[in-house]
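Student: I'd like to ask some things about the structure below.
The values are calculated or read from the model by the stated rules, or taken from the named source; none is laboratory data. What you are looking at is a predicted structure, and each value in this text was computed from that prediction instead of being measured. Cβ atoms come from the backbone with ideal geometry, glycine included; neighbour counts cover every protein chain shown.
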Ligand SMILES: Nc1ncnc2c1ncn2[C@@H]1O[C@H](COP(=O)(O)OP(=O)(O)OP(=O)(O)O)[C@@H](O)[C@H]1O
Ligand SMILES: [Mg+2]
């Protein structure tokens, strides 16, 4: 079952095309990451999915039902945590969650139970009578998440939920994302922290200029760009290392020395580790450690878009 299906979605602001004929499918159970630089079109896409912004063209379906035709069904099944915190400062934490959950039609005892449940979920149960103005940035974020999940949506969309918050709240949020996922929620997660996306997302779409330019698991994304890997060999002393001899080994693309490390870039299609190690053995060079460095998502992103993820 696909929780979300986007087909040929386009959004223009005047002449500017912010989302350009985008198509995307998110299957049930995924934690789906949106990666893109500033202005790539992530929030615009997300806002259209959540029904906060109209598209110029294309369709969006939630759980097989067209959003435009069944907007109430879509709203009931989506929990949206917006990029800019949206809570009322003059209402307590409890009242905030109650207000948002009430918008989804929850009433009476059920409403109360869900509000308590959501506040517990984000660890704010002890703060239910407090006003957000006394909260840290991270606590406000967590309250914002509680507001989005109290109606138990199938799809939760989080637009940069960990920007500018303390590490403890960040860990709390990442743990909540995993827990929500284990409880059966599908999640769309936008972040410009590569490590976060690598850590929690089961699938990732790289968005650039309103288009998806690559999509898949992190392993699939990495394999798009790389046919070489790095092997780092740490030695007691580099004196006896013959770089030219290593360079001559079949498959070795480049070799360099960095302090006590011999860094070898090698073709992934050639199994030459034996040959490389032989060189060290034959020259009686003491090896202290050996590690293989896989490329990270940052490299994938940079290679595909030609830019860093953030310009700050
Ligand atoms: N209401 C608007 N009017 C005009 N242009 C807009 C509007 N909203 C967004 N844009 C433009 O559309 C593009 C995409 O913006 P969007 O907010 O979707 O990017 P984003 O990927 O979420 O970026 P960020 O990482 O900075 O949040 C940007 O160039 C932005 O300036
Ligand atoms: Mg955004």
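Student: Evaluate the following for residue 36: is it surrounded by fewer than 19 Cβ atoms within 10 Å (Cβ to Cβ), more than 15 Å from residue 156 (Cα to Cα) and within 16 Å of ligand 1 (Cβ to nearest atom)?
Tutor: It is false that residue 36 is surrounded by fewer than 19 Cβ atoms within 10 Å (Cβ to Cβ), more than 15 Å from residue 156 (Cα to Cα) and within 16 Å of ligand 1 (Cβ to nearest atom).
Student: So in the stretch 185-199, with the set limited to residues that are modelled with pLDDT of 95 or more and over 16 Å from residue 309 (Cα atoms), which one is surrounded by the fewest Cβ atoms within 10 Å (Cβ to Cβ)?
Tutor: Top of the filtered list is 185.
Student: Would you kindly identify the helices (runs of 4 or more DSSP H) lying entirely within the stretch 206-285 that contain at least 1 residues that are at pLDDT below 90?
Tutor: Of the helices (runs of 4 or more DSSP H) lying wholly inside the stretch 206-285, those with at least 1 residues that are at pLDDT below 90 span 218-225.
Student: Under 9 Å by Cβ, and 6 or more places apart or on different chains, what pairs join a residue from the stretch 22-43 that is not assigned by TED's automatic domain parsing to the domain that holds residue 181 with one that is within 12 Å of ligand 2 (Cβ to nearest atom) and in a strand (DSSP E or B)?
Tutor: From the stretch 22-43, no pairs qualify.
Student: Among the residues of the stretch 158-167, are any within 30 Å of residue 25 (Cα to Cα), in the same structural domain as residue 49 (by TED's automatic domain parsing) and more than 16 Å from ligand 1 (Cβ to nearest atom)?
Tutor: Looking for residues that are within 30 Å of residue 25 (Cα to Cα), in the same structural domain as residue 49 (by TED's automatic domain parsing) and more than 16 Å from ligand 1 (Cβ to nearest atom), one finds none in the stretch 158-167, hence no.
Table: residues versus (1) more than 16 Å from ligand 2 (Cβ to nearest atom); (2) under 19 Å from the mean Cα position of the chain (by Cα); (3) at pLDDT 95 or above.
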| residue | (1), (2), (3) |
| --- | --- |
| 3 | yes, yes, yes |
| 8 | yes, no, yes |
| 37 | no, yes, no |
| 40 | no, yes, no |
| 45 | no, yes, yes |
| 50 | no, yes, no |
| 56 | yes, no, yes |
| 61 | yes, no, yes |
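Student: Does residue 177 satisfy the criteria of being under 30 Å from residue 17 (Cβ atoms), touching a strand residue (DSSP E or B) at 6+ places or on another chain (Cβ under 7 Å) and in a helix (DSSP H, G or I)?
Tutor: For residue 177, the condition - under 30 Å from residue 17 (Cβ atoms), touching a strand residue (DSSP E or B) at 6+ places or on another chain (Cβ under 7 Å) and in a helix (DSSP H, G or I) - is not met.
Student: Which of the numbered conditions does residue 73 fail, given that it passes all the others? Conditions: (1) modelled with pLDDT under 95; (2) within 16 Å of ligand 2 (Cβ to nearest atom).
Tutor: So residue 73 meets the others, but not (2).
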